[in-house]
1. Within the stretch 118-142, work out how many residues are of a type outside the set (G, A, S), part of a loop (DSSP other than H, G, I, E, B) and either open to solvent by less than 30 Å² (accessible area, probe 1.4 Å) or touching a residue at least 60 places away in the same chain (Cβ under 8 Å) (or both).
2. Evaluate the stretch 92-100: report whether one residue or more is open to solvent by less than 60 Å² (accessible area, probe 1.4 Å), within 31 Å of the chain's Cα centre (by Cα) and not acidic (D, E).
3. Of the residues that make up the stretch 211-218, is at least one in a strand (DSSP E or B) and among the charged types (D, E, K, R)?
4. Identify, from the list A271, A276, the residue that is over 24 Å from G214 (Cβ atoms), in a loop (DSSP other than H, G, I, E, B) and open to solvent by 30 Å² or more (accessible area, probe 1.4 Å).
5. Among the residues of the stretch 73-99, count how many are part of a strand (DSSP E or B), touching a Leu at 6+ places or on another chain (Cβ under 7 Å) and more than 21 Å from P163 (Cα to Cα).
6. As an exercise: evaluate F334 against (1) open to solvent by 40 Å² or more (accessible area, probe 1.4 Å); (2) within 43 Å of the chain's Cα centre (by Cα) and give the number of the one condition it does not meet.
Amino acid sequence: MSELTFEQMLEESLKTIHTGEVVEGTVIDVKPEEIVLNIGYKSDGILTRNEYTNEPNVDLTTVVKPGDTMEVKVLKVNDGEGQVLLTYKRLAADRGNKRIEEAYNNKEVLTAKVVQVLDGGLSVVVEEVRIFIPASLVSDSYEKDLTKYAGQEIQFVISEYNPKRRRYIGDRKQLLLAEKAELQKQLFERIKEGDTVEGVVKNVTDFGAFIDLGGADGLLHISEMSWGRVENPKKVFKVGDKLKVLIKEISGTKVALSLKFEDANPWKDAAEKYAAGNVVTGRVARMTDFGAFIELESGIDALLHVSQISKDHIDKPSDVLKVGEEVTAKVVDFNENDKKISLSIKAMLAPEPKAAEEEDADVVSVDIDSVIANESE
């Protein structure tokens with residue numbers, strides 16, 4: 001029996017490999033765009049950057065080093081130059097497919113980094129499997145600009161799994177809705193009418209502001225923003241403001257809020273401050289044809305009727321007054337139940353001196369009366 005040559009013994013000691021086979025290799029050299037592995041075959045295996053990962057421009061020297069071991073899949077036993085071509089990302093994708101299938105069947109919540117923001121949604125990668133999250137499933141509300149998600153780690157579930165078409169769809173929206181529903185349930189178990197709670201201004205409109213209470217939004221209507229008069233909510237509040245608000249009413253999932261706290265109610269001491277006969281000072285807040293409304297303090301306006309502005313005839317208040325002007329007047333009527341106060345400037349004016357003849361007549365009249373009174377005694 002003839003003896004085997006060294007080359008023959010070496011070749012027999014080396015394993016045979018086939019395309020599609022999974023092998024383990026040891027890194028013997030690394031370049032930025034290529035990894036060389038000893039896979040126990042007569043030729044070394046070559047793993048290019050494109051076959052290592054889907055992420056572009058990765059420097060392979062930063063992810064592996066000589067001596068590392070890794071499992072790879074054989075793409076081609078001989079590339080024409082005697083080299084074995086390997087792939088890592090396709091092996092990872094095969095395993096990733098199984099991982100995605102399990103997550104889909106178990107409704108598992110996955111976490112992955114957003115690797116690309118597209119016109120129609122977001123792209124994430126789980127174990128080398130690219131998953132698309134449509135814009136409509138990114139959030140529980142419409143978001144025009146998705147660029148803020150770039151590079152962020154987000155949670156989602158797999159809502160569609162179709163490996164034949166390589167179609168994997170993620171859904172983040174249903175997680176947000178489920179979380180919001182749970183927070184809403186906890187909120188309504190905790191709050192009741194009359195409570196004071198903290199919230200954050202979420203949106204401001206012409207008629208009020210929506211306040212995020214942490215589980216539900218409450219409406220702070222313009223009429224409940226202050227004991228005084230608010231003309232434009234957008235000049236008073238901005239998105240992100242933190243507020244302590246009073247829960248005025250709960251109706252199903254609708255919450256009405258107020259900033260009119262009773263301890264700050266200006267009508268609390270109004271009966272004493274604005275009793276009939278008191279002289280008060282305020283500023284003209286607004287005017288109508290029949291009179292001017294005078295703001296005595298925030299939350300308390302009084303009516304100065306056009307007939308009470310002057311002893312002279314005035315057609316309309318704007319002929320003699322202007323908004324913002326300070327006026328002093330006497331309280332002629334205070335109605336606490338209806339929260340109405342009437343003022344008069346005319347009541348403060350001294351009576352005009354009477355003509356001499358009228359004064360003499362009055363004197364004579366008084367004298368005659370006195371005489372008659374004395375005679376009757």
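1. Initial filter on the stretch 118-142 (of a type outside the set (G, A, S)): 118-119, 122, 124-134, 137-138, 140, 142.
Subset that is part of a loop (DSSP other than H, G, I, E, B): 119, 127-128, 138, 140, 142.
Remaining after also requiring either open to solvent by less than 30 Å² (accessible area, probe 1.4 Å) or touching a residue at least 60 places away in the same chain (Cβ under 8 Å) (or both): 128, 138.
Selection size over the stretch 118-142: 2.
2. Looking only at the stretch 92-100, we keep the residues that are open to solvent by less than 60 Å² (accessible area, probe 1.4 Å), and these are 92-93, 96-97, 100.
Still in the running and within 31 Å of the chain's Cα centre (by Cα): none.
No - not one qualifying residue is present in the stretch 92-100.
3. Looking only at the stretch 211-218, we keep the residues that are in a strand (DSSP E or B), and these are 211-212, 217-218.
Restricting the remaining residues to those that are among the charged types (D, E, K, R) gives 212, 217.
Scanning the stretch 211-218, I find at least one residue that is in a strand (DSSP E or B) and among the charged types (D, E, K, R), so the answer is yes.
4. Working: A271 fails: in a loop (DSSP other than H, G, I, E, B).
Residue meeting the stated conditions: A276.
5. Taking the stretch 73-99 and keeping what is part of a strand (DSSP E or B), we get 73-76, 84-87.
Subsequent filtering for residues that are touching a Leu at 6+ places or on another chain (Cβ under 7 Å) retains 73-76, 85-87.
Subsequent filtering for residues that are more than 21 Å from P163 (Cα to Cα) retains 74, 76, 85-86.
Residues that pass the stated criteria total 4.
6. If we test F334 against (1) open to solvent by 40 Å² or more (accessible area, probe 1.4 Å); (2) within 43 Å of the chain's Cα centre (by Cα), just (2) comes out false.
Per-residue answers, yes or no, for (1) buried (at least 17 other Cβ atoms within 10 Å of the Cβ); (2) touching a residue at least 40 places away in the same chain (Cβ under 8 Å); (3) part of a loop (DSSP other than H, G, I, E, B):
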position: G199; (1), (2), (3): yes, yes, no
position: N203; (1), (2), (3): no, no, no
position: D206; (1), (2), (3): no, no, yes
position: K238; (1), (2), (3): no, no, yes
position: V280; (1), (2), (3): yes, yes, no
position: A285; (1), (2), (3): no, yes, no
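Table: residues versus (1) of a type outside the set (D, E); (2) touching a Lys or Arg at 6+ places or on another chain (Cβ under 8 Å); (3) modelled with pLDDT of 90 or more; (4) open to solvent by 70 Å² or more (accessible area, probe 1.4 Å).
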{"position": "M9", "(1), (2), (3), (4)": "yes, no, no, yes"}
{"position": "D29", "(1), (2), (3), (4)": "no, no, yes, no"}
{"position": "V74", "(1), (2), (3), (4)": "yes, no, yes, no"}
{"position": "V77", "(1), (2), (3), (4)": "yes, no, no, no"}
{"position": "L86", "(1), (2), (3), (4)": "yes, yes, yes, no"}
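The values are calculated or read from the model by the stated rules, or taken from the named source; none is laboratory data. Note that the coordinates shown come from a computational prediction; the quantities given were computed from them, not determined experimentally. Counting neighbours? That spans all protein chains shown, and the Cβs are built from the backbone with ideal geometry, glycine included. Only protein heavy atoms, including side chains, enter the accessible area calculation; ligands, DNA and RNA are left aside. Shrake-Rupley method; radii C 1.70, N 1.55, O 1.52, S 1.80 Å.
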